[in-house]
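Read through the structure below, which is laid out as structure tokens, and then see the notes.
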Amino acid sequence: MASASASASASAAAHKASHGSHGAPALKVADAPRELEREPLVLNERPLGWITNAIAGVCENPMPKWWWPAFVVSFGGMLMMFSLIAYLVSTGVGVWGLNQPADWAWDITNFVFWIGIGHAGTLISAVLFLLRQKWRTSVNRAAEAMTIFAVACAGVFPVFHTGRVWFALLPGYLFPAPNANEIWPQFRSPLLWDVFAVSTYGTVSLLFWYVGLIPDLATLRDRAKGFLRKFFYGLFSLGWTGSNRHWSNYEKAYLLLAGLSTPLVLSVHSIVSFDFAVSVVPGWHTTIFPPYFVAGAIFSGFGMVLTLLIPLRSLFNLHDVITVRHVELMCKVLLATGSIVGYAYGMEFFIAWYGGSPYELYAFKNRAFGPYWWSYWSMITCNVISPHFFWFKKLRSNLVFVWIVSIFVNIGMWFERFVIIVTSLHRDYLPSSWGYFTPSWVDVMTFVGSFGLFMTLFLLFIRFLPTIAISEVKGVTPQADPHHPLGGAKGHH
Amino acid sequence: MSASPLKPHALLAEFGTAADIFEAAILCRDAGFSKWDVHTPFPIHGMDEAMGLRKSPVGWFTFCGGMTGFSAGMTMIWYMNKFDYPLVVGGKPLFTPLYAFPVSYEMTILLSAFGTLFGMFFLNRLPKLYNPLFKNERFKKATDDRFFIVIEAADPKFSLEATRAFLTEKCHATAVEIVED
């Protein structure tokens, strides 16, 4: 923070110097070293009030025409998922096409897929905050919302794959609490670590999101017209007045939450990968899994952020706040994490050969050339090849192209989890325990329905909450800086 | 403006730019006010020093939360899997901090986050749903694009006329109003 404000005041000084030299005698003094010109984060020098109106306007004005059809379709998908879950609970987990030897298939694939998507939100909100990447302010709110909704979708699958859910949710099985059987959960199992990791992740993400929302809810409260809006925004903004005594504690708390979320997000997908890596199944039992899963999670999450934000920005005319530069920077993250993922795929194969275990080598040969070859090569096409288009600035700034690639990333990352889970399980050590998993219609429609849940929550979020962090975007404009001429600093005229 | 029949709660001074309120805050600090505050739509860098605030102690709440989380996690796992119901699974030890670590780690983060959030609420005395400032129409801009200084009538150095003159003439506020209790 200190360095940021120092450089800002240096640029203000440079500004003063250049103005001061107007009409001065011909004596030419060497120019003061000038800070490299940075592209502004909000285009066209929009005033602070414009930012409030543009962002708060989205959730105050009536929703555009497409909102209701989109909501009805999403809501229908959500209801379909709930009905299929009711069918599963009343009939048995067999309706999901799970059978020996593949007892995990689409359920855990979907779980890892959704939880991975969440990681981009935390990365943008926490890691980029600690790294002082100010561009994050335009996208962090929507990305955090995405995280929370993705974790909600993720939670559905592991909970209901237990079949008799009441046992999973009763005290003593997943969550420790005294119970009539006097048994406790088994803390040596990575599956229990997962319960703690995912529930902590969901809770902390929600807290972090809410803390960020408080000042913006106060903005909405102060602009609210109807009684209900006044009441609810007033209630949830907790009486925020923008007091600097409050900001002081608030900023410290925000920094600490960012500092806590960073090791959290790294640990969550590491622990998810332990579900596999701690077992002794060939194809799963590898030490590369934690970093490889974390990189993959960030890759998939940024894919989903782009899939959501590119349409959002044009549908709500937020071009000056979510700029092409933001999209380009996110494409660079895709390129970096996609390369790590590609490297991990290669390294897995190398170790399978170099490690000298015939079972491990077989598992990997079977992945690429066995009965599930099509899923392996879909994964490679989407995850290893597609991000490398982003070496080219022309392609990074072509939003239609970026959007299409982001869809490929989503598909590829779903296939990655499918490949890891199903190809490792479907052929056990003895050929008598070989099988071929095929999803049932319930599998497919439950997954489709989870997108309905996700989109329903996201559309409600657009409808009622500020999609962009208003106060944070204001904070990175030059008008916010008391030492910048646009912030009203004297001496430049 | 004639004297208000109601007791004044505070004087509210409005400013148009970040630089103006920054300089005014320094003047208020140097004038020795104690019950006063700056209200801005976003945090202004350097305002804590300009107001002369001490460093925020939120970190202590985070620390206590984290320590509680870690020790609660370790103790819980030791109690459940080693002490209360010892059960050998896969020949693994009944307790070792290694297998207890992932869960204790998550609990450290969870309770640190709760400590941070509720510590911040406690220090800021939030939620506070009633505030005399909310009755002022002009103050609604404090969450939009205007900057305000509020000096409370309870401040020992407060005097309606002198403070008003100080805010208008010395601090160059664009408007000064009385906020009624």
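The values are calculated or read from the model by the stated rules, or taken from the named source; none is laboratory data. Quick caveat, the model's predicted, so the values are computed rather than measured. Methodologically, a virtual Cβ is constructed for each residue, glycine included, from the backbone with ideal geometry; neighbour enumeration extends over all protein chains shown.
Looking for something of a type in the set (D, E, K, R) and within 9 Å of chain B (Cβ to nearest Cβ) - is there at least one such residue anywhere in segment A:232-245? Before the answer, list the steps.
Kept after step one, since they are of a type in the set (D, E, K, R), are these residues of segment A:232-245: A:245.
Retained after the next criterion (residues that are within 9 Å of chain B (Cβ to nearest Cβ)): A:245.
Yes, that holds for at least one residue.
In this structure, B:Gly115 does not satisfy being touching a Phe, Trp or Tyr at 6+ places or on another chain (Cβ under 6 Å) and over 16 Å from A:Tyr201 (Cα atoms). Report, by residue number, each residue of segment A:425-480 that is in contact with a Lys or Arg (Cβ under 7 Å, 6 or more places away or on another chain), surrounded by fewer than 21 Cβ atoms within 10 Å (Cβ to Cβ) and under 26 Å from A:Tyr210 (Cα atoms). Of everything in segment A:425-480, just one residue is in contact with a Lys or Arg (Cβ under 7 Å, 6 or more places away or on another chain), surrounded by fewer than 21 Cβ atoms within 10 Å (Cβ to Cβ) and under 26 Å from A:Tyr210 (Cα atoms), namely A:Val476.
Elements of the type helices (runs of 4 or more DSSP H) sitting completely within segment A:78-172 and holding at least 3 residues that are at pLDDT 85 or above: these cover A:106-122, A:140-160.
What do you reckon, is B:Met120 touching a Phe, Trp or Tyr at 6+ places or on another chain (Cβ under 9 Å), assigned to a helix (DSSP H, G or I) and at the interface with another protein chain (Cβ under 7 Å from one of its Cβ atoms)?
On the way: touching a Phe, Trp or Tyr at 6+ places or on another chain (Cβ under 9 Å): yes; assigned to a helix (DSSP H, G or I): yes; at the interface with another protein chain (Cβ under 7 Å from one of its Cβ atoms): yes.
Criteria met by B:Met120.
Kindly establish whether B:Ala162 is within 30 Å of A:Ile51 (Cα to Cα) and not charged (D, E, K, R). Here the answer is no, as B:Ala162 does not meet what is asked.
The sole residue among B:Ala31, B:Ala50, B:Ala25, B:Ala18 that is of a type in the set (A, V, I, L, M) and more than 9 Å from every other protein chain (Cβ to nearest Cβ) is B:Ala31. With the condition kept exactly as written, say whether any residue in segment B:61-69 is closer than 16 Å to A:Gly242 by Cα and crowded, with 20+ Cβ neighbours inside 10 Å. Scanning segment B:61-69, I find no residue that is closer than 16 Å to A:Gly242 by Cα and crowded, with 20+ Cβ neighbours inside 10 Å, so the answer is no.
I'm checking my understanding of the structure. Among residues of segment A:203-217 that are out of contact with any Asp or Glu (no Cβ under 8 Å at 6 or more places or on another chain) and farther than 17 Å from A:Val265 by Cα, which one is farthest from the other protein chains (Cβ to nearest Cβ)? Talk me through it step by step, then tell me what you get.
Taking segment A:203-217 and keeping what is out of contact with any Asp or Glu (no Cβ under 8 Å at 6 or more places or on another chain), we get A:203-204, A:206-207, A:210-211, A:213-217.
Filter once more, so that each one left must be farther than 17 Å from A:Val265 by Cα: A:210-211, A:213-217.
On the way: A:Tyr210: 8, A:Val211: 6, A:Leu213: 12, A:Ile214: 8, A:Pro215: 7, A:Asp216: 8, A:Leu217: 9 Å.
Applying the filter and picking the extreme gives A:Leu213.
Tell me which residues, restricted to segment A:352-385, are within 23 Å of the chain's Cα centre (by Cα) and buried (at least 21 other Cβ atoms within 10 Å of the Cβ). Even if it seems obvious, please write down each step before you answer.
As a first pass, look at segment A:352-385 and keep what is within 23 Å of the chain's Cα centre (by Cα): A:378-385.
Residues satisfying the conditions are A:Met379, A:Cys382, A:Asn383.
Applying the selection to segment B:45-91, what residues are part of a helix (DSSP H, G or I) and charged (D, E, K, R)? The answer is B:Asp48, B:Glu49, B:Lys82, B:Asp84.
Checked against (1) surrounded by fewer than 24 Cβ atoms within 10 Å (Cβ to Cβ); (2) more than 16 Å from the chain's Cα centre (by Cα); (3) among the aromatic types (Phe, Trp, Tyr), A:Phe149 meets all criteria but (2).
Which of the residues belonging to segment A:350-399 are in contact (Cβ under 8 Å) with a residue 60 or more places away in the chain and part of a loop (DSSP other than H, G, I, E, B)? Within segment A:350-399, A:Ser357, A:Pro371, A:Ser397 qualify.
Conditions: (1) farther than 30 Å from A:Lys474 by Cα; (2) surrounded by 17 or more Cβ atoms within 10 Å (Cβ to Cβ); (3) more than 7 Å from chain B (Cβ to nearest Cβ). A:Asn179 meets all but one. Number of the miss? Unmet condition: (2).
Can you tell me which residues in segment B:123-133 are more than 7 Å from chain A (Cβ to nearest Cβ) and out of contact with any Asp or Glu (no Cβ under 7 Å at 6 or more places or on another chain)?
Step one: of segment B:123-133, the residues more than 7 Å from chain A (Cβ to nearest Cβ) are B:125, B:130, B:132.
Matches in segment B:123-133: B:Arg125, B:Tyr130.
Of all residues in segment A:481-493, those being surrounded by fewer than 20 Cβ atoms within 10 Å (Cβ to Cβ), at negative phi and outside any helix (DSSP H, G or I) number 3. Filter segment B:134-159 down to residues that are surrounded by 22 or more Cβ atoms within 10 Å (Cβ to Cβ), of a type in the set (A, V, I, L, M, F, W, C) and touching a His at 6+ places or on another chain (Cβ under 9 Å) and give me whichever is nearest to the other protein chains (Cβ to nearest Cβ). Among those that are surrounded by 22 or more Cβ atoms within 10 Å (Cβ to Cβ), of a type in the set (A, V, I, L, M, F, W, C) and touching a His at 6+ places or on another chain (Cβ under 9 Å), it is B:Ala142. Taken over segment A:309-329, the criterion of being surrounded by fewer than 21 Cβ atoms within 10 Å (Cβ to Cβ), aliphatic (A, V, I, L, M) and not in a loop (DSSP other than H, G, I, E, B) is satisfied by A:Ile310, A:Leu312, A:Leu315, A:Val324, A:Leu329.
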